[in-house]
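Working notes for the structure below.
Laboratory data are not the source of any read-out in this text; all were calculated from the coordinates shown. Everything numeric in this text was worked out from a predicted model, so none of it was measured. Here the Cβ positions follow ideal geometry from the backbone for every residue, glycine too, while neighbour counts run over all protein chains shown.
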Amino acid sequence: MKKTLLLVFLLFSALQIHAGITVTEKLTDGQSVSYFQNGLIASFSDGKLDTLIDIRKKTVYTVDYESEMLMFGTFDDMREMQKLAAAQIQDITKDDYYKKQHEEIKKLKVKTEPKGKGSYAGYPCEKVLLSLPSLNISTEICYSKQLLDEIAKEVDIAAFLSIVNNAPPFFMSPEEVVENEITVYASKGFSLYEKTRMPDFSGGTKEDVTEVTSVSKGSIPADRFQLPKGLTTVKMKDLMTQIINQQ
């Protein structure tokens, strides 16, 4: 979810060339570091590149180390992928079981509660709790307009905004309903803190926490924005088409 938020909030920023911003986050199961500089965005998990977005080339790269694949797609490719996804969703809605499930989930209303102010890594933020109380599902975030404004001086992926907004809403779980509401806050600020709670398989509750622990400014080495070598390069659209044709 966090990566999803990281991508969306950047869609609202404006390009200027500055010194670079590095954001380090503590995750429930590791550490994430994101770099923003001169139209480039690189996201690392535990020291390995996950995603690289090149605004100038309007291209997104993602790395799957398990399958040793480097997947890439242009913004236009992703629009085409959305059309393919929309067609698949239309097929799913013809199935009575999934159609009924989708209609029931659409009835869920997320409760939104302001929770005051907070501060992480030296940045002030606004707290909000989004929840489905009857299902014991909630996410608390603390978003910082100040940090978003500073990152907006480094990167601009506004062209990506229409892609995200045009994604066909088809919720198959209550968690997705809450997650959809969270993306609204991406335009308001960078999420410095996020805690998600939901039921686990044993009848208890599991928590997932992400917290920004440091933000630094300064020139970022070029190798932070270099793709790993020795991987098989695959177009995202080709891969998606192949998966659909195998169904």
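Starting from the Cα-Cα distance between residue 226 and residue 127, subtract it from 0.36 nm times their residue separation and give me the gain in nm to one decimal.
Between residue 226 and residue 127, full extension yields an extra 32.1 nm.
Separation between the residue 82 and residue 28 pseudo-spin-labels, each 7 Å from Cα along Cα→Cβ, expressed in nm?
According to this spin-label approximation, the distance is 2.9 nm.
Write down the Kirkwood hydrodynamic radius of region 91-130, to one decimal in angstroms, obtained as one divided by the mean of 1/r over all alpha carbon pairs.
Answer for region 91-130: a Kirkwood hydrodynamic radius of 13.2 Å.
At q = 0.14, 0.17 Å⁻¹, what is the base-10 log of I(q)/I(0) for region 21-246 according to the Debye formula with one equal point scatterer per Cα and no solvent? Please give it to two decimals.
-1.13, -1.50
Farthest toward the dipole's positive end in region 21-246, which of 193, 147, 226, given Cβ charges of +1 (Lys, Arg) and -1 (Asp, Glu) about the Cα centre?
Positive-most Cα among the choices belongs to 147.
Quickly rank 128-138, 174-184, 95-105 as a protection proxy: mean count of other C-beta atoms within 10 Å, highest first.
174-184, 128-138, 95-105
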